[in-house]
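Remarks on the structure that follows.
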Amino acid sequence: VAMSSAYNPFPGNAVAQVSPPPRKKVEYSTGIIASADGAIVADRQTTDGCMTIAVPGYGNATRIADDETRELALLRIYGASGLKPLAMAGNGTTKSNVSITGISDPQNQGGHNAVTSVAAVAAPVGTDITLSPEPAVGFSGAAAIDSDGKFAGLTRLKPAVIAGPTGTPLPSQALLVSAESVREFLKAKGVAIASGASDAKASVLRLVCVRK
């Protein structure tokens, strides 16, 4: 009886411990072309710990910088031509209705590499901006464009965490890294921000991270 009364399912805490799951050995995501000379802005976590980052049609990308606070990474592909950077210049408040343009995991599209756009609603929650409904796997790093056709930010699919001893995955969450945060990151890394009109579907690429 004494042992039964003393049972504590989560030692040291009243709340279950949570931890992120290990990243996939092969992980698909989306990158946004930031400059015609090969700069790509992407989600930091989907490009972390990669032995290689393949960009189908262009070879491999080199990860040259990252920012843990903004959860962004800067990649570069060399010798590529015909790249069409996304126009990210501007300012103002992000509209709530956005269109997210990216490339879904090949398992979701029969092995294909199609660029698609899905509608979502951006809503501030504390210090974050959440997106709902959550886009498909592979859209982490996708470009968000608001209802005025302006760059609204970069999509992050926050990995689901595992609840302590139960091993139960908690829901993942789709977040928006604001346009201003993306611009600040690129400017800090010496990347000139593109302006003018652009087509989001022509400015995103599939990234394939291969880990040990």
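Filtering Asp128, Asp66, Asp37 for residues that are among the charged types (D, E, K, R) and more than 22 Å from Ala194 (Cβ to Cβ) leaves a single hit, Asp128.
Every residue, every condition in (1) of a type in the set (Ser, Thr, Tyr); (2) in contact with a helix residue (DSSP H, G or I) (Cβ under 7 Å, 6 or more places away or on another chain); (3) part of a strand (DSSP E or B); (4) surrounded by 21 or more Cβ atoms within 10 Å (Cβ to Cβ), yes or no:
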site: Lys24; (1), (2), (3), (4): no, no, no, no
site: Ser35; (1), (2), (3), (4): yes, no, no, no
site: Ala54; (1), (2), (3), (4): no, no, yes, no
site: Asp66; (1), (2), (3), (4): no, no, yes, no
site: Lys84; (1), (2), (3), (4): no, yes, no, no
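Taking the stated definitions as given, is Val121 farther than 20 Å from Leu205 by Cα and either modelled with pLDDT of 90 or more or within 15 Å of the chain's Cα centre (by Cα) (or both)?
Details: farther than 20 Å from Leu205 by Cα: yes; either modelled with pLDDT of 90 or more or within 15 Å of the chain's Cα centre (by Cα) (or both): yes.
Taking the combined requirement at face value, the residue satisfies it.
In this structure, is Ala73 open to solvent by less than 10 Å² (accessible area, probe 1.4 Å), touching a Leu at 6+ places or on another chain (Cβ under 9 Å) and either in a strand (DSSP E or B) or more than 27 Å from Ser195 (Cβ to Cβ) (or both)?
Values: open to solvent by less than 10 Å² (accessible area, probe 1.4 Å): yes; touching a Leu at 6+ places or on another chain (Cβ under 9 Å): no; either in a strand (DSSP E or B) or more than 27 Å from Ser195 (Cβ to Cβ) (or both): yes.
Answer is no for this residue.
Evaluated against (1) open to solvent by 50 Å² or more (accessible area, probe 1.4 Å); (2) out of contact with any strand residue (DSSP E or B) (no Cβ under 6 Å at 6 or more places or on another chain), Asp128 falls short on exactly one condition, (2). A residue that is modelled with pLDDT of 85 or more, among the basic types (Lys, Arg) and assigned to a strand (DSSP E or B) occurs somewhere in region 140-156. Pairs meeting the criteria (first residue in region 176-195 and under 21 Å from Leu157 (Cβ atoms), second residue of a type in the set (Lys, Arg) and surrounded by 20 or more Cβ atoms within 10 Å (Cβ to Cβ), beta carbons under 9 Å, at least 6 apart or on different chains) are Leu176/Arg156; Val177/Arg156.
Can you tell me which of Ile64, Ile77, Ile100, Ile53 is touching a Phe, Trp or Tyr at 6+ places or on another chain (Cβ under 7 Å), of a type in the set (Val, Ile, Thr) and more than 29 Å from Ala123 (Cβ to Cβ)? Give the steps one after another, and end with the answer.
On the way: Ile64 fails: touching a Phe, Trp or Tyr at 6+ places or on another chain (Cβ under 7 Å); Ile100 fails: more than 29 Å from Ala123 (Cβ to Cβ); Ile53 fails: touching a Phe, Trp or Tyr at 6+ places or on another chain (Cβ under 7 Å).
Unique residue meeting the criteria: Ile77.
Mind counting the residues in region 101-141 that are aliphatic (A, V, I, L, M) and under 18 Å from Arg70 (Cβ atoms)? So that I can check it myself, show each step before the final result.
Just the residues of region 101-141 that are aliphatic (A, V, I, L, M), to begin with: 103, 114-115, 118-123, 125, 129, 131, 136-137.
Applying the additional criterion that residues be under 18 Å from Arg70 (Cβ atoms) yields 122, 125, 129, 131.
Of the residues in region 101-141, 4 are aliphatic (A, V, I, L, M) and under 18 Å from Arg70 (Cβ atoms).
The values are calculated or read from the model by the stated rules, or taken from the named source; none is laboratory data. Remember, predicted model here, so these are calculated numbers, not experimental data. So basically every Cβ, Gly included, is an ideal-geometry build from the backbone, and we count neighbours across all protein chains shown. Note: areas computed on protein heavy atoms with side chains; ligands, DNA, RNA excluded. Shrake-Rupley method; radii C 1.70, N 1.55, O 1.52, S 1.80 Å.
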